[in-house]
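Here's the structure, in structure tokens; my notes come after.
The values are calculated or read from the model by the stated rules, or taken from the named source; none is laboratory data. Note that the structure is a prediction, hence the values are computed from the model and not measured. Virtual Cβ from ideal backbone geometry, glycine too; neighbours counted across all protein chains shown. Accessible surface areas use protein heavy atoms only, side chains included; no ligands, DNA or RNA. Shrake-Rupley method; radii C 1.70, N 1.55, O 1.52, S 1.80 Å.
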Amino acid sequence: MPIDATQPYDSQNVFAKILRGEIPNRTVYEDEWALAFHDINPQAPLHVLVIPKGAYVSWDDFSARASAEEIAGFVRAVGHVAREAGLVEPGYRLLANIGGHGHQEVPHLHVHVFAGRPLGPMLAR
Ligand code: 5GP
């Protein structure tokens, strides 16, 4: 079920548990600002999730409340993950779902990185 992106942060969400080490993950990259790990249900040959370490529900919450340092650190981490995976030349797709119409399911901001094949049109019609 999609979440309501206006809700307060739920510290029991699955990505908060991953950040606390309570649930295992296949880490791709980690720094002070972000953690990147393989999606448990990949929808492309490469499907990585990049999440900020801070407690933010969605892109909306993050862009409104995060510090400039957190935002820069997170955005750079997404770029770093893609470059390190060799995705710049073949190309890749970033996606952030927000709230009900965005079909966001986990209420901790995450950017999907999809790659590894031509990804087709942007949205299903
Ligand atoms: P959303 O629809 O919120 O943008 O995407 C949530 C994503 O999180 C989905 O692609 C789903 O497969 C992934 N996911 C949900 N639970 C887990 C988990 O426990 N571990 C990992 N690695 N991915 C998860």
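A few comments on the model shown:
- For Gly79, the criteria (1) within 15 Å of Ala36 (Cβ to Cβ); (2) under 17 Å from the mean Cα position of the chain (by Cα); (3) not in a helix (DSSP H, G or I) hold in every case but one, which is (3).
- When the stretch 31-43 is filtered for residues that are closer than 18 Å to Lys53 by Cβ and loosely packed, with under 13 Cβ neighbours inside 10 Å, only Glu32 remains.
- Among the residues listed as Ala85, Ala64, Ala72, Ala68, the single one being within 21 Å of Thr27 (Cβ to Cβ) and among the hydrophobic types (A, V, I, L, M, F, W, C): Ala85
- In the stretch 62-78, the residues that are under 10 Å from Pro52 (Cβ atoms) and in contact (Cβ under 8 Å) with a residue 24 or more places away in the chain form no Cβ pair under 9 Å with any partner that is β-branched (Val, Ile, Thr) and exposed (fewer than 13 other Cβ atoms within 10 Å of the Cβ), whether six or more places apart or across chains.
- Extreme residue, surrounded by the fewest Cβ atoms within 10 Å (Cβ to Cβ), among residues of the stretch 66-94 that are among the basic types (Lys, Arg) and more than 14 Å from the ligand (Cβ to nearest atom): Arg83
- Residues within the stretch 1-51 that are assigned to a loop (DSSP other than H, G, I, E, B) and within 18 Å of Gly99 (Cα to Cα), tallied: 13
- Within the set Asn25, Asn97, the sole residue that is under 26 Å from Leu123 (Cα atoms), open to solvent by 20 Å² or more (accessible area, probe 1.4 Å), within 16 Å of the ligand (Cβ to nearest atom) and modelled with pLDDT of 95 or more turns out to be Asn97.
- Screening Trp59 with (1) open to solvent by less than 80 Å² (accessible area, probe 1.4 Å); (2) within 14 Å of the ligand (Cβ to nearest atom); (3) at pLDDT 95 or above gives one miss only, at (1).
- Residue pairs whose Cβ atoms lie under 9 Å apart, separated by 6 or more positions or on different chains, with the first residue in the stretch 98-123 and closer than 25 Å to Lys17 by Cα and the second of a type in the set (D, E, K, R) and loosely packed, with under 13 Cβ neighbours inside 10 Å, are Gly99/Asp4; Gly100/Asp4; Pro107/Asp4.
This table checks each residue for (1) within 18 Å of His112 (Cβ to Cβ); (2) at pLDDT below 95; (3) of a type in the set (D, E, K, R).
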{"position": "Lys17", "(1), (2), (3)": "no, no, yes"}
{"position": "Ala44", "(1), (2), (3)": "yes, no, no"}
{"position": "His47", "(1), (2), (3)": "yes, no, no"}
{"position": "Ser63", "(1), (2), (3)": "yes, no, no"}
{"position": "Glu69", "(1), (2), (3)": "no, no, yes"}
{"position": "Ala72", "(1), (2), (3)": "no, no, no"}
